[in-house]
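The values are calculated or read from the model by the stated rules, or taken from the named source; none is laboratory data. The structure presented is a predicted model; accordingly, all values stated were derived computationally and were not measured. Positions of Cβ are generated from backbone atoms using ideal geometry, with glycine treated the same way; all protein chains shown enter the neighbour counts. These area figures cover heavy atoms from the full protein model, side chains too; ligands, DNA and RNA do not enter into them. Shrake-Rupley method; radii C 1.70, N 1.55, O 1.52, S 1.80 Å.
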Amino acid sequence: MVGTNTFHSIDEYIIQFPEEVQEILKTLRKVIKDAAEKISYQMPTFVLYGNLVHFAAYKKHIGFYRTPSAISAFESALSEYKCSKGAVQFPLNKPIPYELITEMVIFRVEANKKKKAEGKSQKKK
C-alpha cells in the first residue's frame, strides 16, 4: 500500500483502503489530533516541533512509527507486538490499542516540547 501511489493529503491516503481499515486509520488520526498533519515518506505524519509519529496501512497490519525512545518507554506494553527500533506493527486481526497509542503520542508531544524548550534556552546563553 505504501509506496504504490503519490498522496497529497491524509484523506487521499485513507480512502484507498477497505472500509474497516479506513475506520482504524480515521481513529488513529483522531487519537493524534493535536499535531499538524502532512504526508511525509508517503505516509500520514503528525508534526509538533518536529515529527511526532507516522502511520501506514499494510495488508496485515498497521505500522506505527515513532522514535526509539518511545519504543523503550513502552517496551512492556508493546511486548505482544512486532517492534523494531522505531516502529510497531498492530495486526489488523486484533483490536488496535488506541489508549496505548494515545499514551505514546502524549509521550512524543512532551519529548518534542522539552526539546523545543531546551533549544530556546540554549540559544539565550
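Summary table below
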{"quantity": "All positions within the range 18-62 that are in contact with a Ser or Thr (Cβ under 9 Å, 6 or more places away or on another chain) and among the polar types (S, T, N, Q)", "calculated": "42, 51"}
{"quantity": "Residue that is most open to solvent (accessible area, probe 1.4 Å), among those in the range 77-98 that are charged (D, E, K, R) and at pLDDT 95 or above", "calculated": "82"}
{"quantity": "Selection count where residues are open to solvent by less than 50 Å² (accessible area, probe 1.4 Å), farther than 18 Å from residue 108 by Cβ and aliphatic (A, V, I, L, M), scope the range 1-54", "calculated": "6"}
{"quantity": "Condition check for residue 64: of a type in the set (Phe, Trp, Tyr), surrounded by 17 or more Cβ atoms within 10 Å (Cβ to Cβ) and more than 25 Å from residue 9 (Cβ to Cβ)", "calculated": "no"}
{"quantity": "The lone exception for residue 115 - which of (1) open to solvent by 40 Å² or more (accessible area, probe 1.4 Å); (2) farther than 28 Å from residue 18 by Cβ; (3) at pLDDT 90 or above it fails", "calculated": "(3)"}
{"quantity": "Hits in the range 58-101 (condition: of a type in the set (Lys, Arg) and over 23 Å from residue 17 (Cβ atoms))", "calculated": "85"}
